[in-house]
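The values are calculated or read from the model by the stated rules, or taken from the named source; none is laboratory data. Model, not experiment: these values are computed from the prediction. Cβ placement follows ideal geometry from the backbone for every residue including glycine, while neighbour counts extend to all protein chains displayed.
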Protein chains: 2
Amino acid sequence: MDLPSFSDIQEAHKRIKPFIHRTPVLSSRQLNRLFDCQMFFKCENFQKVGAFKFRGATNAIQLLTADQKKRGVITHSSGNHAAALSLAAAISGIKAYIVMPETAPVVKKNAVEGYGAKITFCKPTLEAREETCRIIMERNGSTLIHPYDNFNIICGQGTAALELLDEKPDIDIVIAPIGGGGLMSGTSTCVKGINNKIKAIGAEPLNADDAFRSFKSGKLIPSVNPLTIADGLLTSLSQLTFSVIMKNTDDIFTAKEESIIDSMLLVWERMKIIIEPSSAIVLAVIKENPGYFREKKIGLIISGGNVDFRKLPF
Amino acid sequence: MDLPSFSDIQEAHKRIKPFIHRTPVLSSRQLNRLFDCQMFFKCENFQKVGAFKFRGATNAIQLLTADQKKRGVITHSSGNHAAALSLAAAISGIKAYIVMPETAPVVKKNAVEGYGAKITFCKPTLEAREETCRIIMERNGSTLIHPYDNFNIICGQGTAALELLDEKPDIDIVIAPIGGGGLMSGTSTCVKGINNKIKAIGAEPLNADDAFRSFKSGKLIPSVNPLTIADGLLTSLSQLTFSVIMKNTDDIFTAKEESIIDSMLLVWERMKIIIEPSSAIVLAVIKENPGYFREKKIGLIISGGNVDFRKLPF
């Protein structure tokens, strides 16, 4: 299998730079004191569409052939990837077809429609989503852009770590959340490409610990009935992301739901920025493993800030 | 009455610069499109203690005489000013005495205690607060630092606008919230000192519109039973702040509760930053007066980001 290399991520960064925000790296003296380490938050919550997903989507869109661009792109997702692909496509005048379960929240439908994508609704099962996708692809020849099982997506996601380490090269550890593994694959490939001594650590909810178990056993174990507030981290690794993570990631830590919620609240209260539960996981693993992280310089990839304020856990 | 001048604000800025954060000026293309104007948010929610109040408190503390410093400072407040005065005093090794109603929320007590101030609780009436203050002052000779009816406090609060206009000198209008009028007094004095053509506009909840009515009638009208989610804007103007506002403020706009809540949510959702309801009022008046603000370059003083996440209005 062809795995993304560090230079692929560098190329992706050059390619997407005109389209993305260079997001800020923020710190909080209060949180540093509280956790007894130095933390640098790479704030992809300030990225376009409010999530790092815009990086990968833009890279994938820019790498389409002229013919593919004419026929448009398609994905089945109701989350940040759907919004990211819709906007990245719209910016280049490309059609985006989004297959969504009919149960998707209205705000997510509105976001995707606001970016001009065409939504097709289906039953809320993986089979229905894939079947609906297949029918549309057969009809109009659009290119499927998978949210993480995609070489170009992974390269795009790795560019957040590239900017982080460009700004803070003397970091000891970089932590990123793991859902389907796209962000972690890109992040760990980038970290090891820049400096092999920097640790690349994955963070996963204990209640959705398929990547943790896959990593520890060396075998790809799918996610079964995950139940976590970190709704961006429910998906399983693909063979591609599993392979990259096995190669480049130093370790994976898990954290409990209450630590995720506490960490999210702490960032909101002390830093006055909105991060989503799937981002709070990176602080939650520091909270649960103080010995490992004590006095270290740590880069935290804050994956996004899309929160439903009507359903807060506190 | 001796009113603060522009050069007093410039002096204050030099004095407090080593202690404060220079907060960022943020923009949102989405919000600009939505409101058909160019907005520059001066983000005092990122200031120390999460509010602009740290500026005024620091200025007042730094201007104490050696003897006053020995005897400490006192105020009666349960809000951002209490936290700001406590931290500003602690930084200079000065004692702070805070008189608080026994009904004050635990989080506010904890914040003030965390900064090392000594809290004295009293009955939740203005009389009890003033009486308790008086007793402590008689006992230890501490200096009362009023949250807004204080020359040095006003000069400190004006430094936020100074930084804003230093960064964005070609702004047409600056808007700040009005509660007791300390921030508006400092802001309008600064704006007029820099460029008389820039409009200084106050923003006030319709449900606490004492400054609006005072301004329009030319007579100081106290706030009676104000009821607004913008809990930093409940207080009445003092003779001092009223005089400054009459002299330097171009107009005052009010906004309804629903506009304040909508505006707060909009900033949270689109900009991914936490602002408190008392800050959302500045966007709310733009929302309610689109004709006045259309196509203008507007500076918005975002006063703070201290929110009780367990009591959200949405």
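Here the condition is being in the same structural domain as B:I171 (by TED's automatic domain parsing) and touching a Phe, Trp or Tyr at 6+ places or on another chain (Cβ under 7 Å); of B:I275, B:I281, B:I286, it holds for B:I286 alone. Just to be sure, is B:I274 touching a Lys or Arg at 6+ places or on another chain (Cβ under 6 Å) and within 14 Å of another protein chain (Cβ to nearest Cβ)? Yes; evaluated as a whole, the condition is true for this residue. When A:G186, A:G180, A:G141 are checked against the criterion of being in contact with a helix residue (DSSP H, G or I) (Cβ under 7 Å, 6 or more places away or on another chain), more than 30 Å from A:L283 (Cα to Cα) and touching a residue at least 60 places away in the same chain (Cβ under 8 Å), a single residue qualifies: A:G141. Whether a residue is in contact with a helix residue (DSSP H, G or I) (Cβ under 6 Å, 6 or more places away or on another chain) and closer than 21 Å to A:G56 by Cβ was assessed, and A:A104 does not pass this test. So for the stretch B:259-282 (the condition being surrounded by fewer than 20 Cβ atoms within 10 Å (Cβ to Cβ) and either closer than 17 Å to B:A203 by Cα or in contact with a strand residue (DSSP E or B) (Cβ under 7 Å, 6 or more places away or on another chain) (or both)), does at least one residue qualify? Looking for residues that are surrounded by fewer than 20 Cβ atoms within 10 Å (Cβ to Cβ) and either closer than 17 Å to B:A203 by Cα or in contact with a strand residue (DSSP E or B) (Cβ under 7 Å, 6 or more places away or on another chain) (or both), one finds at least one in the stretch B:259-282, hence yes.
Scanning the stretch B:289-314 for residues that are of a type in the set (F, W, Y), over 22 Å from the mean Cα position of the chain (by Cα) and not assigned by TED's automatic domain parsing to the domain that holds B:F40 yields one hit, B:F314.
Comparison of A:S279, A:S185, A:S236 shows that the only residue that is touching a Ser or Thr at 6+ places or on another chain (Cβ under 8 Å), of a type in the set (G, A, S) and within 14 Å of another protein chain (Cβ to nearest Cβ) is A:S279. If you go through the stretch A:246-265 one residue at a time, do you hit one that is closer than 21 Å to A:I154 by Cα and within 14 Å of another protein chain (Cβ to nearest Cβ)? No, the stretch A:246-265 has no match at all.
Sort out which residues of the stretch A:50-101 are aromatic (F, W, Y) and touching a strand residue (DSSP E or B) at 6+ places or on another chain (Cβ under 8 Å), and write them in order of number. Residues satisfying the conditions are A:F52, A:Y97. Within the stretch A:216-270, being over 29 Å from A:A104 (Cα atoms), outside any helix (DSSP H, G or I) and small (G, A, S) holds for one residue alone: A:G218.
One line per residue, one yes/no per condition, for (1) out of contact with any strand residue (DSSP E or B) (no Cβ under 9 Å at 6 or more places or on another chain); (2) assigned to a loop (DSSP other than H, G, I, E, B):
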position: B:E11; (1), (2): yes, no
position: B:K14; (1), (2): yes, no
position: B:F19; (1), (2): yes, yes
position: B:L31; (1), (2): no, no
position: B:M39; (1), (2): no, no
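Close contacts from the stretch B:37-51, counting a first residue that is facing another protein chain (nearest Cβ under 9 Å) and a second that is surrounded by 24 or more Cβ atoms within 10 Å (Cβ to Cβ) and among the acidic types (D, E), with Cβ to Cβ under 9 Å and a gap of 6+ residues or different chains, come to B:N45/B:E276; B:G50/B:E44; B:G50/B:E276. Identification of helices (runs of 4 or more DSSP H) wholly contained in the stretch B:61-168 with 2 or more residues that are surrounded by 18 or more Cβ atoms within 10 Å (Cβ to Cβ) yields B:80-91, B:106-114, B:126-140, B:151-157, B:159-167. Checked against the criterion of being surrounded by fewer than 20 Cβ atoms within 10 Å (Cβ to Cβ), assigned to a helix (DSSP H, G or I) and assigned by TED's automatic domain parsing to the domain that holds B:S223, the stretch B:172-187 has no qualifying residue. Considering the stretch A:234-258, and only residues there that are of a type in the set (A, V, I, L, M) and at pLDDT 95 or above, the residue that is nearest to A:E276 (Cα to Cα) turns out to be A:A255. The set of residues in the stretch B:52-69 being away from every other protein chain (no Cβ under 14 Å) and under 24 Å from B:L165 (Cβ atoms) consists of B:K53, B:R55, B:G56, B:A57, B:T58, B:N59, B:A60, B:Q62, B:L63.
All of B:L126, B:L144 fail the test of being within 21 Å of the chain's Cα centre (by Cα), more than 25 Å from B:C43 (Cβ to Cβ) and at pLDDT below 95, apart from B:L126.
I need the full set of residues from the stretch B:155-196 which are closer than 15 Å to B:M39 by Cα and either aliphatic (A, V, I, L, M) or under 14 Å from the mean Cα position of the chain (by Cα) (or both), in order please.
Residues satisfying the conditions are B:A161, B:L164, B:L165, B:I171, B:I173, B:V174, B:I175, B:A176.
The residues on offer are B:N248, B:N195, and the sole one that is surrounded by fewer than 20 Cβ atoms within 10 Å (Cβ to Cβ), within 18 Å of B:L164 (Cα to Cα) and assigned by TED's automatic domain parsing to the domain that holds B:Y292 is B:N195.
Of the residues in the stretch A:188-205, none is touching a Ser or Thr at 6+ places or on another chain (Cβ under 9 Å), closer than 21 Å to A:D2 by Cβ and part of a loop (DSSP other than H, G, I, E, B).
Sub-6 Å Cβ pairs linking a first residue in the stretch B:227-250 that is without any contact (Cβ under 8 Å) to a residue 40 or more places away in the chain to a second residue that is part of a helix (DSSP H, G or I) and among the hydroxyl-bearing types (S, T, Y), at least 6 apart or interchain, number zero. Scanning the stretch A:285-308 for residues that are within 25 Å of B:R270 (Cα to Cα) and not in a strand (DSSP E or B), which turns out nearest to the other protein chains (Cβ to nearest Cβ)? That would be A:G305.
Screening B:K311 against (1) basic (K, R); (2) within 14 Å of chain A (Cβ to nearest Cβ); (3) in a helix (DSSP H, G or I) leaves a single unmet condition, (3).
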